[in-house]
């Protein structure tokens, strides 16, 4: 995803009817130390500035596009969609507006619309708009990710391979092919892909395999002590230690932001088991969230003076600001 971000440093348990949700903080870029409220104020001013320029020149497609980007920074995705769509009404061949519109729909969980937008972006990659030139590997990676989220794995692989054909050094696409093999349980396929990766991404892929294998057991089916949150529980799990998720260089290069959400079991034996990823992020951030999850230490929930296992949703947010 181009020009986006990672979340706050709050680690806050929130009681929901379906279970416990714990927001686990992610790494900030060290140079960016301003409180988020100050950053938000900055973007609100940028929105007002863009609106004033649009009022003077309603047909400025680039200004509508910039407005969409500011709305994304403010997590106002419906407003961002409206701004990007207006830019595209004015300039239908604006490839980057289609591209960012697609990632905006992705943030909203609408992968069908994301796919449509990214396919439109691909049609116009030869056109430079306002000095913005979209590359074929970037848009094919985006289409691959949409198809991956839609569980259309063969099509996703085809687009990732196209990205690599366009740019043989585009390791991000090779890495995602490995993850598809992992999701399918094709260990041989994962191994074949892994050795086409540079050492860092190979290690990241193997680490994801290791974590998935080590934590896939202990879910609802095989943990007799498992409980959901109930009012009669004496206490909920207490986090004793956690680490921030780390940005990958390719995620930072694409300024990727969003949330990784996983359902896990905080087991009575003080282990995290039954891991199931509910929402993913591209460019290696899902793996980084899993790595951070694995390092959590906690006291289990208690009931009647005894430790119990509890189903928990973990959220790892990633925001550059």
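The values are calculated or read from the model by the stated rules, or taken from the named source; none is laboratory data. In this text, all values refer to a predicted model and were calculated from it rather than measured experimentally. Heads up, the Cβs are rebuilt from the backbone with ideal geometry, glycines too, and the neighbour counts pull from every protein chain shown.
When we screen 91, 42 for residues that are at pLDDT below 95 and over 25 Å from residue 315 (Cα atoms), the only hit is 42. In the range 200-238, the residue that is surrounded by the fewest Cβ atoms within 10 Å (Cβ to Cβ) out of those that are in a helix (DSSP H, G or I) and modelled with pLDDT under 85 is 213.
If the condition is being under 21 Å from residue 136 (Cβ atoms), in contact with a helix residue (DSSP H, G or I) (Cβ under 8 Å, 6 or more places away or on another chain) and either free of Cβ contacts under 8 Å to residues at least 12 places away in the same chain or surrounded by fewer than 16 Cβ atoms within 10 Å (Cβ to Cβ) (or both), then the range 159-194 contributes only 161.
Scan the range 119-131 for residues that are under 10 Å from residue 95 (Cβ atoms) and either surrounded by fewer than 16 Cβ atoms within 10 Å (Cβ to Cβ) or touching a helix residue (DSSP H, G or I) at 6+ places or on another chain (Cβ under 6 Å) (or both) and the total you get is 9.
When 115, 134, 150, 197 are screened for being surrounded by fewer than 18 Cβ atoms within 10 Å (Cβ to Cβ) and either touching a residue at least 24 places away in the same chain (Cβ under 8 Å) or under 19 Å from the mean Cα position of the chain (by Cα) (or both), only 150 passes. Restricting 97, 55 to those that are modelled with pLDDT of 95 or more and either buried (at least 22 other Cβ atoms within 10 Å of the Cβ) or not in a helix (DSSP H, G or I) (or both) reduces the list to 97. Keeping to the range 299-317, report how many residues are modelled with pLDDT under 90 and either on the phi > 0 side of the Ramachandran plot or crowded, with 22+ Cβ neighbours inside 10 Å (or both). Residues that pass the stated criteria total 4.
Close Cβ contacts (under 8 Å, 6 or more residues apart or on different chains) running from residues in the range 46-66 that are over 22 Å from residue 128 (Cβ atoms) to residues that are in a loop (DSSP other than H, G, I, E, B) comprise 47/74; 54/60. Is at least one residue of the range 187-195 touching a strand residue (DSSP E or B) at 6+ places or on another chain (Cβ under 7 Å), in a loop (DSSP other than H, G, I, E, B) and either on the phi < 0 side of the Ramachandran plot or at pLDDT 90 or above (or both)? Scanning the range 187-195 turns up no residue that is touching a strand residue (DSSP E or B) at 6+ places or on another chain (Cβ under 7 Å), in a loop (DSSP other than H, G, I, E, B) and either on the phi < 0 side of the Ramachandran plot or at pLDDT 90 or above (or both).
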